[in-house]
Amino acid sequence: MRLEKCWFCSSTIYPGHGIQFVRNDATIFRFCRSKCHKNFKMKRNPRKVKWTKAYRRLHGKDMTQDSTFEFERKRNRPERYDRNLAENTLKAIKKIDKIRVDREAKHHALRMKGKRAKEQKEATKELEQSIHMVKAPAALQEEPSLTLPKIKVQVLKPQTENHLMEE
């Protein structure tokens, strides 16, 4: 089963999915869905369309420069099958995958580092601009319809020692 990559968005195309466009010079363009094909026909640049992997990589949103990606490259020359090499490779895949996951998590943490402070600043700005929407406590006291009704609850008084001695 051959998994191809979409020419426009670089996502995986599974067998039986997508569409192909073959140009007169025999160049094959494969697309994963109609959205990619339409954008190609409109002559859009994948690096400028925000939902493509090319855009994400170009603008530093995805991790691109990492040695773990070197293992996934297509090799032009097939290796001769070696049982020990295959066994070691399968063991190494797990380690490499763990390393990649850790590095991606670190990359994401670095990207999101200033996000909380930025959200806090935006929230305070919103509050300052929209303070007229928040009622003052004095207004709540004047207009009882704005507050929830109070529920009366009976509280039992604790018995004191003197009370117990009288009985």
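The values are calculated or read from the model by the stated rules, or taken from the named source; none is laboratory data. The structure presented is a predicted model; accordingly, all values stated were derived computationally and were not measured. Neighbour counts are summed over all protein chains in view; Cβ atoms, including those assigned to glycine, are modelled from backbone coordinates with ideal geometry. Surface areas here come from the heavy atoms of the whole protein model, side chains and all, with no ligands, DNA or RNA. Shrake-Rupley method; radii C 1.70, N 1.55, O 1.52, S 1.80 Å.
Overview of results
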item: Two-site FRET efficiency, ARG2 against LYS113, from Cβ-Cβ distance with R₀ of 41 Å, rounded to 0.05; result: 0.55
item: Mean separation of Cα contacts under 8 Å (6+ apart) over length of the chain, as relative contact order %; result: 11 percent
item: Max mean-square fluctuation residue, GNM over the chain, Cα-Cα springs under 10 Å, options TYR55, TYR81, TYR14; result: TYR81
item: Residue with peak Gaussian network fluctuation, the chain [Cα springs, cutoff 10 Å], from PRO46, PRO78, PRO15; result: PRO78
item: Options ALA136, ILE99, TYR55, ranked by Cα towards positive dipole end of the chain, top entry (Cβ charges); result: TYR55
item: Neighbour cut-off at most 14 other Cβ (10 Å), DSSP loop, GluC sites (Glu not before Pro), the range 69-135; result: GLU79
item: Gain on full stretching of the segment that runs from ASN76 to GLU126 - 0.36 nm per residue minus C-alpha separation; result: 12.3 nm
item: Set of the range 1-18 residues, backbone N closer than 16 Å to the point 7 Å along the Cα-Cβ line of SER34; result: 17-18
item: Carbon and sulfur %, accessible surface of the chain computed with the full protein complex present, 1.4 Å; result: 54 percent
item: Within the chain, helix-based [θ] at 222 nm, where runs of 4 or more DSSP H residues each add -39,500 (n - 2.57), nearest 500; result: -13000 deg cm²/dmol
item: Contour excess over end-to-end distance, with Cα ends at ALA54 and GLN20 and 0.36 nm allotted per residue; result: 10.3 nm
item: Separation of the LYS41 and ASP66 label points, Cα + 7 Å toward Cβ, nm; result: 3.7 nm
item: Too-long pairs where the Cα-Cα distance tops 19 Å, listed order kept, from LYS48/LYS74; LYS5/LYS35; LYS61/LYS91; LYS61/LYS106; LYS5/LYS74; result: LYS48/LYS74; LYS61/LYS91
item: Accessible area expressed per residue, the chain, with surrounding protein chains retained (probe 1.4 Å, Å²); result: 95 Å²
item: Among VAL153, VAL101, VAL22: highest mean-square fluctuation, GNM of the chain, C-alpha pairs under 10 Å; result: VAL153
item: Cβ-placed point charges (K, R +1; D, E -1), dipole of the range 17-80 about Cα centre in debye, nearest 20; result: 400 debye
item: Which label in (i) -0.66, -0.73, -1.24; (ii) -0.32, -0.38, -0.97; (iii) -0.70, -0.73, -1.10 gives the computed log10 I(q)/I(0) by the Debye sum over Cα atoms at q = 0.09, 0.10, 0.17 Å⁻¹; result: (i)
